[in-house]
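Engineer: Here it is: the structure, laid out below.
Computed from the coordinates by the stated procedures, all read-outs in this text should not be read as laboratory data. Quick caveat: nothing in here was measured; it's all calculated off a predicted structure. Ideal geometry is used to build each Cβ from the backbone, glycine not excepted, and the neighbour counts take in all protein chains shown.
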Amino acid sequence: MTHAPFECVINISEGRNDYLLTQLEHTAGESFRHRHSDPFHNRSVFTLINDEEELQHDAQWLIRNAIDVLDFSDHDGVHPRFGIVDVVPYVALDERDRDRARSLRDATAAWMGDLDIPVFLYGLVGGHERTLPDVRRRAFRDLAPDFGPATPEWNTGAAAVGERPLLMAWNMYVDGLTSEQVRRAASQVRGDEIRTLALRVGPRWQVSCNLIDPLRIGPDLAYDRLAAVLPEGGRISECELVGLAPSAVLSHIDESRWSELGLSEDLTIEFVLDELVSD
């Protein structure tokens, strides 16, 4: 790669059929870097990284195959979703390339619209910032799709295709509390820099987080904030990274806490790219 690559993080509404998910990995070609699957969410997050042209080709090939082999009509899972290919953000790994990432977003969204998928853009849209929570809240109510048909097909659903800066998807598991207590604690740490959602995953409660600026508010601070508001008897029993993290996040955190926070060097973007170069 002669310049900074781009990342595409494709969220697919299937997290249980490992055979099909492995086949989808192969369709992403040389851009595929990592997959995280959750059977309770019934959702998988595919991380692709490559140069623009190769990334767009491989992302579209994965998306097309997911639409062809998966069926949204009988989907169940605890995570919010509105389509088989639920969310597709593009990320410029060099902040100076964000306009190019938006071009990748727009091209992919238009292409998906041609496949009869209603597509909502997020990120900078028409000079205004539109967030993914905005899209989930407003889709098909007071917000029409930017591409594709006005209503979704029952077996494919809709999609949100965006451009965003680097963020971290990261989960904390909480034991010893009632549903009301976990939801209240999650709401207490929710803000512009931490998006939280309390979800029941099997026998446990999960506080699912998006860390919007992980170099400013990273997993260590999010952990400490949640721990501070948990009622007596509650504890954080496990943490989990979804996808890959920038290595700079780990460098801001004492290495003695990495295991507690579910972090490791081999789950960083830079480690994966170094492995690619060495191969």
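Engineer: Quick one: which residues, 5 or more positions from residue 34 or on another chain, have an amide H under 5 Å from its amide H? H modelled 1.01 Å from N in the peptide plane, none for Pro or chain starts.
Structural biologist: Placed amide hydrogens put 47 under 5 Å from residue 34.
Engineer: In terms of modelled amide H atoms, which long-range or inter-chain residues lie less than 5 Å from the amide H of residue 163?
Structural biologist: Long-range HN contacts for residue 163: 90, 122, 123, 124.
Engineer: Positive end of the dipole of the chain, charges at C-beta (+1 Lys, Arg; -1 Asp, Glu), about the Cα centre: which of 79, 256, 13 has its Cα farthest in that direction?
Structural biologist: Of the candidates, 79 comes out farthest on the positive side.
Engineer: Kindly identify region 168-278 as rounded, prolate or oblate by the Cα gyration tensor criterion: order the square roots of the eigenvalues as a ≥ b ≥ c, call it rounded if a/c is under 1.5, otherwise compare a/b with b/c, prolate if a/b is larger, else oblate.
Structural biologist: prolate
Engineer: Whole number please: convex hull volume per residue, Cα atoms of region 50-197, in Å³.
Structural biologist: With only Cα atoms used, region 50-197 gives 144 Å³ per residue.
Engineer: Net charge around residue 212, counting only other residues with Cβ within less than 10 Å of its Cβ (Lys, Arg = +1; Asp, Glu = -1)?
Structural biologist: Combined, the nearby Lys, Arg, Asp and Glu give 0.
Engineer: Expressed as a whole number of Å, what is the distance separating the alpha-carbon centroids of region 139-163 and region 184-240?
Structural biologist: First find each Cα centre; the distance between them is then 30 Å.
Engineer: If you don't mind, another one. To the nearest 0.05, how large is the calculated FRET efficiency for residue 216 and residue 124 if R₀ is 22 Å and r is the Cβ-Cβ distance?
Structural biologist: On the way: r = 20 Å, r/R0 = 0.92.
Computed FRET efficiency for residue 216 and residue 124 comes out at 0.65.
Engineer: Could I ask something else about it? Contour minus end-to-end for residue 266 and residue 131, with contour as 0.36 nm per residue of separation and end-to-end as the Cα-Cα distance?
Structural biologist: The residue 266-residue 131 span can extend by a further 45.6 nm.
Engineer: Rounded to the nearest 500, what is the 222 nm mean residue ellipticity of the chain from helices alone, with -39500 (n - 2.57) per DSSP H run of 4+ residues and division by all residues?
Structural biologist: It lands at -9500 deg cm²/dmol.
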